1. Out of the residues in the range 148-163 that are out of contact with any helix residue (DSSP H, G or I) (no Cβ under 6 Å at 6 or more places or on another chain) and part of a helix (DSSP H, G or I), state the one that is farthest from residue 31 (Cα to Cα).
2. When residues of the range 41-68 are filtered for being within 13 Å of residue 209 (Cβ to Cβ) and surrounded by 23 or more Cβ atoms within 10 Å (Cβ to Cβ), how many remain?
3. Residues that are at pLDDT below 90 and under 13 Å from the mean Cα position of the chain (by Cα): does the range 248-258 have at least one?
4. Is there a residue in the range 220-236 that is at pLDDT below 90, surrounded by 16 or more Cβ atoms within 10 Å (Cβ to Cβ) and over 27 Å from residue 64 (Cβ atoms)?
5. Condition first: without any contact (Cβ under 8 Å) to a residue 40 or more places away in the chain and closer than 21 Å to residue 58 by Cβ. Can you find one or more residues in the range 250-257 that meet it?
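The values are calculated or read from the model by the stated rules, or taken from the named source; none is laboratory data. Keep in mind that this is a model prediction, so the values were computed, not measured. Positions of Cβ are generated from backbone atoms using ideal geometry, with glycine treated the same way; all protein chains shown enter the neighbour counts.
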């Protein structure tokens, strides 16, 4: 897969389909759920929008990363949620409604917070080298175009043609996973000369990020005494990031593919940790029944 085709054509198209697929499962009522489950949604948003960047910044500073890879980690933590987290929540039998609500609201807010987090990261880790800082207004508009427009289109289809939306939603979500796999493959192929080196560099930090943030999500739900299904939803929402959006920001908006490596490696590892979490949840139930 050619580099220019991957970043200029396929990646935006894939992200559009992924975000539209997320919109197909959204309704206006999902944004109102903060009034129905205020405790769960507010705690989840605090974890996603505040705790995640703090954890990412600490880990990027602790692990021996190049400035570009450290910024790549921060791009990743600036992009919480996504269609993948909704699907994983469904597979672990979490509260999908809360998961979708967190994804929907965080997607709106991160349009404005992503450029702030990324610029702060570039200034912190690259210093005088940070010549590629994201212009706030322009970046807000670009992220809105690649996220909010396809999500809105999916929501409109859901509103005006609910039967059609329901029929194609699952297909589009599985197609989204396929596109994510192709994006990761294309990214790793493009950076194949540095993949093993990058894996050694970012494998530890991305795995740690994934595990720590899932533990934070689970801990928040447990301490707050939330329903078990809601706790699982928050665990997944806080622990699973929107790798596709992070790759798009690094490769397209910043035009620095090396910054996309953490998101690519993370997107592989998150399926492993999600599977472990699903097995743990199932075995925990079996033990409790016995």
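1. Within the range 148-163, the first condition is being out of contact with any helix residue (DSSP H, G or I) (no Cβ under 6 Å at 6 or more places or on another chain), and the residues that meet it are 148-149, 152, 156, 159-163.
Right, trim to part of a helix (DSSP H, G or I) and you get 148-149, 152, 156, 159-160, 162-163.
Details: 148: 14, 149: 16, 152: 13, 156: 15, 159: 14, 160: 18, 162: 18, 163: 21 Å.
Selected residue: 163.
2. Our first condition is that a residue be within 13 Å of residue 209 (Cβ to Cβ); within the range 41-68, this holds for 51-63, 65.
Still in the running and surrounded by 23 or more Cβ atoms within 10 Å (Cβ to Cβ): 52, 56, 60.
Qualifying residue count for the region: 3.
3. Within the range 248-258, the first condition is being at pLDDT below 90, and the residues that meet it are 248-258.
Subset that is under 13 Å from the mean Cα position of the chain (by Cα): 248-249.
So far as the range 248-258 goes, yes, one or more of its residues are at pLDDT below 90 and under 13 Å from the mean Cα position of the chain (by Cα).
4. yes
5. We begin by selecting, within the range 250-257, every residue without any contact (Cβ under 8 Å) to a residue 40 or more places away in the chain; these are none.
Within the range 250-257 (the criterion being without any contact (Cβ under 8 Å) to a residue 40 or more places away in the chain and closer than 21 Å to residue 58 by Cβ), the answer is no, since none of the residues qualifies.
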